[in-house]
Structure formats: C-alpha cells, structure tokens
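Contents: one structure, followed by commentary.
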Amino acid sequence: MSVDGVTDIFRRVLETAEVAPGSDFFALGGDSLLATRVLSAVAREYGPELSFEDFLLAPTPEALAARIGCSAS
Amino acid sequence: MLGVMRAAVVGAGLAGLTAATGLAAQGAEVTVFEARDRVGGRTRGIEVAPGSWVDAGAAYLGDRHTEVHSLVAELGLKTTPATTAGASRFTLGGAGGRTRPGRFPPLDAVALGRMFDLLDELTAAVRPEAPWLTPDAAALDAVTAGQWADRHLTHPDARLFFPLFLGEMMAADPADVSVLHMAFYLRSGGGLRYLNAFEGGAQQDRIAGGAHQLCERLAAELGDRVRLSSPVRAIHQDEAGVTVRTADGSVRVDAVVVAVPPALADAVDHRPSPSHRRAGERTARGCAVKVHLVYPAPLWRAEGLSGWSVNSEGPLLSTVDDSPDAGGVGVLTGFVTGGEAHRFAARPAAEQRALAVAQAGRLFPHLPEPIGFHVTDWVNEEYSKGCYAALLGPGEWLRHGPRLTTPHRRVHWAGTETSTEYFGLMEGAIRSGRRAVAELLATY
C-alpha cells in the first residue's frame, strides 16, 4: 500500500508505463470513464470508495495515495 | 478482366459509393441504384443557416478512422474538432439539473467503475474478427444486455447509467442486443474508452460543412452512373449473369454489390433465394432520433457550459454542442435513443418540439426560443430502418456471423453491418465497400 501501488493502478488503467508519482491523470489522456476505473481499483485494493470530487482534487498518484491514507506505508 | 465487367451497386451510402468508385477506377461499367432522391444513406446534412450545415446522421470521426480520413483528404474536405470545453449538465434519477466539471456524472464513481470493469472484461474477451468464435460465444449470445445488467449491476447508479451509456454508444435498448453483440460492438469500435471519448476518441472531429459531403462528392464524380429514386425490387441470377430490376426497368450485369442494411437487403426479391437471410427475427433497428435546436449563437458557452448533458428523463437523453464551424448560429444536438426513440418518434411534431424545447430550456438556462428546430427520425426511415446500425439480438451472431460477408453467387455484401472493424460507423461502411471491390477484383 503506497504511492507505488496507486502509480501502478494509473499505469494499468491508462495502459502506459509513463506514469510518475506526480503525473496528472488528465494530462496523460485520462478521462471520466477511465477515472471511474482507477476508483474501482482503489476500492478493490485499498478499501476506500472515493468520489469524482475526490479524484478531481487529487488527480496524481501521490495526491490520491495521500487521500486514501496510504502514503505513509 | 475488370475492363469489361459490368457491376451494379445497390445503395448510395458510404459503402455503396466507395464500392462504385473503386470499381469505376478499375474500369468497370458501374450503375448505382439508390432508393431515395438523395445520396448519403445514414449521413445527411441539414442547412441550419445559410452556408451552415449540421449532421442529421453520422457525424463524428477519430484518428483511428483511417479510411474516413483518407476519403476526407481525397475529396478535398477538412475536419474540425468537436467542441467540448466547459462544464456538463446532468439530470439523473429524479434529481434536478446539476452542473459538473468535465463529463463526470453526479453518480457513484466506484459503482460506475465496477460496471466499466465488467464491460471491459467482456469487450477484451471478444474475437473481433469473428465474434461467433469468442470463448463462450453461445452463452454470451443467448442473453440480452438487459438481462446481463439485471444480474451483474447491483448498484442503483450503475443500473441507471447503463442504458444511457448503451444508448449513446450504439443507439440500443439493452433488451434489444445480445451480450455478445454489445461486447463485439464496443470492441469493434476501439474499446470502451475510445468509443466514449471526444478528444482522443471516436468523437474527436466532425467533417467541416457536414459528413454528407463525402457521399455527395463521390456521387458527383460518378455522375450519371448514380440513379436516384430507383429502389431495387429484384435481383435474379442465372449462369451467365445477374438481372437487377427497378420499377423503371432492368440492367444486366456480371456482379452486384448490395450495400444496404440487412433488413433492406432481405426485402429485395432474390432469385435464387440465398440459403440464409441477412437479418433475423431478433435483429432490431438502431434506435436513434436526432434533434437539432438552433439558436442565434452557442449561448451556453457564455455560462461556462459545454452543451453536453446526460439525462435519465427524455426525450433528450444527451445533448452536445454541434454549432457549425462556419459560425453564425449555435446548435444543440439532442440524442433520443433506445426505447425513448420509439416513444418520441410516435408523438406529433408539435409535441416533439414542445418537449425538446422545454427540456433544453431547463438544461441550459436563459435560452431563448430556438430560431430553428429539426427532428430526424432514423427509426422509421423507410430506406435505413434504424441508425446507427442494425442491432443483433440473441442468437443472431451465431446464426448470421459466419456468413457475414459470404457472397450469394454473384451478389456481394457491403454496408457497415458487414464490417467487423468499426461496425456501425462510417469507417466500417467505407472498409466494407473497399472489401467488396477487392472481392469483385479477385473474382471477375
């Protein structure tokens, strides 16, 4: 459970290896449909069920990891 | 030896005109029979203001639609990006209208994500070039998308959004399509994300001045080889050739390309009869009615809105800003799809207008009365019988799929419904026309 894990979710959903912890999801071609798939993966792997608003406020792996409270581990 | 070949093409849509153009370029003597008094099939332009056109039918294309792009370039046309900047409006599940950034609906994002995960799993498993050979094809072809949703979508937000999504993607009521057809359609069009997206997806661009110009320009080059208002009644084959009959007479040819939707191909009197029909009892019409509301300008943009909306109450289940590039007016296009399309199409014109104008007014505040209003009912269009494309219900892919492109002696099949690539789209139509040309070149 880490920024690495969320970065990996971004990579799988966006189908690109070019994701860094600070990469913006939308700048990498992400859209609303793909964002829902990031959030379903986050829920499956880490538990918290986040909203679209949460995602818009935290559209990078590190920000999203902080939001789901897993950045410390 | 194509130099002496005579061919008839039935249908002057994109597939038929692509085929006719290709055959003519090889020196064949071609006659195109078109039932309507216009070419274009499921592309059609409406002039909403002098020199400003909108698409009453097929409209969008993306970078992967390589054949459309080549045709656009060959014909001296240009594309223009679809406009999506701004916030969206949503009226979902009894809640009032809500404004949201981008295209995020005010629904449970995780529930939608789980739904898209399931759809992606189905889509990824399909054999796109031969969906009937997909693992578990028989089981997937036995149930409707509606039955699948009842079983697999448990969250109310997913159940609410699923039919809207399917309506947008393929103009289908979930009860009309098999799970196999749904998965195939999504895969054929490039997958969930590509088919859903504007920028970077299948709705990235429109054709400046309207998609109908593709067929108009192809037909202009073919000249008097295209015969309008000439529905083909009969196609009779014998050992030496084919007689194609219209109300006005007949022509004798070596081969025929039938480039019309499956139900219309079956309506022709074929002799001898093909061993299999093109459409079955569970083949439904694509359910799309397109509504254009014309305003003095795209007034919603001034309020930071994109014109995009998604609504669970009809008639307009989604709207999009289709204002012509030429400027002058603002056009809001409303999509009425699925079961809603049948209900809306059955209403008197005055009621259609009142309902659509009132809904647009609720979605986009401060809109004046529209200066123009157009309804294009594809569901009941005699010579299309639905749009975007025929919908294959339970059992149809297993029954019809293996013979999708198999010629009936000298009769070859084209049309977007015969293309496993980009099925239902302009791209599929053009690819099918090119394939038919290749078949005739190889045979005659």
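The values are calculated or read from the model by the stated rules, or taken from the named source; none is laboratory data. Given the structure is predicted, the values throughout are model-derived calculations rather than measurements. Note that we place each Cβ from the backbone using ideal geometry, even for glycine, and neighbour counts take in every protein chain shown.
Residues being among the small types (Gly, Ala, Ser) and facing chain A (nearest Cβ under 8 Å): count how many of those fall in the range B:83-110.
Within the range B:83-110, the subset among the small types (Gly, Ala, Ser) is B:85-88, B:93-97, B:102, B:109.
Filter once more, so that each one left must be facing chain A (nearest Cβ under 8 Å): B:102, B:109.
Qualifying residue count, the range B:83-110: 2.
Can you report the number of residues in the range A:26-73 which are of a type in the set (S, T, N, Q), crowded, with 18+ Cβ neighbours inside 10 Å and part of a loop (DSSP other than H, G, I, E, B)? Spell out how you get there, then give the answer.
Our first condition is that a residue be of a type in the set (S, T, N, Q); within the range A:26-73, this holds for A:32, A:36, A:40, A:51, A:60, A:71, A:73.
Still in the running and crowded, with 18+ Cβ neighbours inside 10 Å: A:32, A:36, A:40, A:60.
Keeping just the survivors that are part of a loop (DSSP other than H, G, I, E, B) gives A:60.
Residues in the range A:26-73 being of a type in the set (S, T, N, Q), crowded, with 18+ Cβ neighbours inside 10 Å and part of a loop (DSSP other than H, G, I, E, B): 1 in total.
Have a look at A:Phe10, A:Phe55 and point out the one that is at the interface with chain B (Cβ under 9 Å from one of its Cβ atoms) and either touching a Lys or Arg at 6+ places or on another chain (Cβ under 8 Å) or within 20 Å of B:Gly201 (Cβ to Cβ) (or both).
Values: A:Phe10 fails: at the interface with chain B (Cβ under 9 Å from one of its Cβ atoms).
After applying the criteria, what remains is A:Phe55.
Condition check: among the small types (Gly, Ala, Ser), within 16 Å of B:Ala220 (Cα to Cα), part of a helix (DSSP H, G or I) and in contact (Cβ under 8 Å) with a residue 40 or more places away in the chain. Does B:Gly41 satisfy that? Can you show your working first?
Values: among the small types (Gly, Ala, Ser): yes; within 16 Å of B:Ala220 (Cα to Cα): yes; part of a helix (DSSP H, G or I): no; in contact (Cβ under 8 Å) with a residue 40 or more places away in the chain: yes.
Answer is no for this residue.
Out of all the residues in the range A:14-21, is one or more away from chain B (no Cβ under 11 Å), surrounded by 15 or more Cβ atoms within 10 Å (Cβ to Cβ) and among the charged types (D, E, K, R)?
Keep residues of the range A:14-21 that are away from chain B (no Cβ under 11 Å), which gives A:16-21.
Among the residues that remain, those that are also surrounded by 15 or more Cβ atoms within 10 Å (Cβ to Cβ) are: A:19, A:21.
Those still in the list that are among the charged types (D, E, K, R) too: none.
Looking for residues that are away from chain B (no Cβ under 11 Å), surrounded by 15 or more Cβ atoms within 10 Å (Cβ to Cβ) and among the charged types (D, E, K, R), one finds none in the range A:14-21, hence no.
Hey, among A:Leu64, A:Leu33, which residue is closer than 23 Å to B:Ala158 by Cα and within 14 Å of another protein chain (Cβ to nearest Cβ)? Please lay out each step first, then the result.
On the way: A:Leu64 fails: closer than 23 Å to B:Ala158 by Cα.
Just a single option satisfies the conditions, and that option is A:Leu33.
When you scan the range B:111-123, how many residues do you find that are facing another protein chain (nearest Cβ under 7 Å) and without any contact (Cβ under 8 Å) to a residue 40 or more places away in the chain?
Step one: list which residues in the range B:111-123 are facing another protein chain (nearest Cβ under 7 Å), which gives B:112-114, B:116-117.
When the remaining residues are screened for being without any contact (Cβ under 8 Å) to a residue 40 or more places away in the chain, the result is B:113, B:117.
Qualifying residue count, the range B:111-123: 2.
Each row is one residue, and each column tells you yes or no for (1) modelled with pLDDT under 95; (2) crowded, with 20+ Cβ neighbours inside 10 Å; (3) over 25 Å from B:Gly45 (Cα atoms).
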position: B:His366; (1), (2), (3): yes, no, yes
position: B:Ala390; (1), (2), (3): no, yes, no
position: B:Trp397; (1), (2), (3): no, yes, yes
position: B:Thr405; (1), (2), (3): no, no, yes
position: B:His408; (1), (2), (3): no, yes, yes
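With the checklist (1) under 15 Å from B:Leu164 (Cβ atoms); (2) within 19 Å of the chain's Cα centre (by Cα); (3) crowded, with 22+ Cβ neighbours inside 10 Å in hand, flag the one item B:Pro315 doesn't pass.
Single failed check for B:Pro315: (2).
For residues that are more than 14 Å from chain A (Cβ to nearest Cβ), in a helix (DSSP H, G or I) and small (Gly, Ala, Ser), scanning just the range B:142-201, find the one that is farthest from A:Leu33 (Cα to Cα).
B:Ala142
Within the range B:73-82, identify whether any single residue is over 30 Å from B:Gly249 (Cα atoms), in contact with a Lys or Arg (Cβ under 8 Å, 6 or more places away or on another chain), within 14 Å of another protein chain (Cβ to nearest Cβ) and part of a loop (DSSP other than H, G, I, E, B), and answer yes or no.
yes
Tally the residues that are touching a Phe, Trp or Tyr at 6+ places or on another chain (Cβ under 9 Å) and under 23 Å from A:Ala43 (Cβ atoms), restricting the search to the range B:119-138.
Total meeting the criteria: 3.
Looking for whichever is of a type outside the set (A, V, I, L, M, F, W, C) and buried (at least 17 other Cβ atoms within 10 Å of the Cβ) here; the options are B:Arg98, B:Arg42. Which one fits? Talk me through it step by step, then tell me what you get.
Numbers: B:Arg98 fails: buried (at least 17 other Cβ atoms within 10 Å of the Cβ).
Going through B:Arg98, B:Arg42 in turn, the sole match is B:Arg42.
Can you pull out every residue in the range B:257-297 that is under 22 Å from B:Val331 (Cα atoms) and of a type in the set (Val, Ile, Thr)?
Hits for the range B:257-297 are B:Val289, B:Val291, B:Val294.
Does B:Leu75 satisfy being surrounded by 14 or more Cβ atoms within 10 Å (Cβ to Cβ) and farther than 20 Å from B:Arg193 by Cα? Let's see the steps before the verdict.
Numbers: surrounded by 14 or more Cβ atoms within 10 Å (Cβ to Cβ): yes; farther than 20 Å from B:Arg193 by Cα: yes.
Criteria met by B:Leu75.
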